[in-house]
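The values are calculated or read from the model by the stated rules, or taken from the named source; none is laboratory data. These figures come from a predicted structure and were not determined experimentally. Every residue, glycine among them, receives a Cβ derived from its backbone with ideal geometry; neighbour counts consider all protein chains shown.
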């Protein structure tokens with residue numbers, strides 16, 4: 001990886017406590033629940049990964065079936081200010097000569113959420129100097 005680059009590499013939903021992508025993450029054993037996990041993974045080069053540089057992270061949910069934003073499924077208020085460093089709120093861990101960020105967000109379904117609709121997440125990492133920009137979308141998923 002380029003020493004001065006960072007990118008979002010994975011964004012997916014999973015059953016609570018799982019690290020495996022799931023197309024219906026709130027359903028276990030045929031029973032629909034009210035929670036699931038959203039997992040984000042990113043990579044950064046050795047020059048930027050622990051530089052302390054500022055960036056924002058945005059993650060937004062979209063109801064594809066209805067064609068509207070679904071802010072009740074967002075993991076936090078957007079955008080979230082973070083730094084390229086090895087402590088919160090950046091959490092960039094050194095791995096070899098690069099840095100890796102892995103986050104798990106616990107999502108609780110709002111009571112008024114339409115069940116059976118198709119959803120998708122979009123994440124954006126934007127460095128304050130605008131020199132590093134990365135965007136990723138999750139696969140589509142259903143909340144039964």
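Results, tabulated for the structure shown:
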read-out: Candidate set: the stretch 60-71, residues that are under 19 Å from residue 135 (Cβ atoms) and part of a loop (DSSP other than H, G, I, E, B); chosen: the one nearest to the chain's Cα centre (by Cα); value: 70
read-out: Test: residue in the stretch 19-37 that is surrounded by 18 or more Cβ atoms within 10 Å (Cβ to Cβ), under 15 Å from the mean Cα position of the chain (by Cα), in contact (Cβ under 8 Å) with a residue 12 or more places away in the chain and closer than 22 Å to residue 134 by Cα; value: yes
read-out: Positions within the stretch 86-95 being closer than 14 Å to residue 54 by Cβ and in contact (Cβ under 8 Å) with a residue 24 or more places away in the chain, in sequence order; value: 92
read-out: Residues being outside any strand (DSSP E or B) and touching a strand residue (DSSP E or B) at 6+ places or on another chain (Cβ under 8 Å) - total across the stretch 73-102; value: 12
read-out: Output for the stretch 116-141, where each listed residue is without any contact (Cβ under 8 Å) to a residue 24 or more places away in the chain and on the phi > 0 side of the Ramachandran plot; value: 130
read-out: Scope the stretch 8-37; condition farther than 21 Å from residue 86 by Cα, in contact with a strand residue (DSSP E or B) (Cβ under 7 Å, 6 or more places away or on another chain) and in a strand (DSSP E or B); matching residues; value: 12, 13, 14, 35, 36, 37
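Each row is one residue, and each column tells you yes or no for (1) under 25 Å from residue 112 (Cβ atoms); (2) crowded, with 17+ Cβ neighbours inside 10 Å; (3) in contact with a helix residue (DSSP H, G or I) (Cβ under 8 Å, 6 or more places away or on another chain); (4) at pLDDT 95 or above.
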residue	(1), (2), (3), (4)
43	no, yes, no, yes
67	yes, no, no, yes
74	yes, yes, no, yes
78	yes, no, no, no
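Here's the yes/no breakdown for (1) over 18 Å from residue 9 (Cα atoms); (2) more than 14 Å from the chain's Cα centre (by Cα); (3) touching a residue at least 24 places away in the same chain (Cβ under 8 Å):
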{"position": "54", "(1), (2), (3)": "yes, yes, yes"}
{"position": "58", "(1), (2), (3)": "no, no, yes"}
{"position": "77", "(1), (2), (3)": "yes, no, no"}
{"position": "84", "(1), (2), (3)": "no, yes, yes"}
{"position": "111", "(1), (2), (3)": "yes, yes, no"}
{"position": "114", "(1), (2), (3)": "yes, yes, yes"}
{"position": "143", "(1), (2), (3)": "yes, yes, yes"}
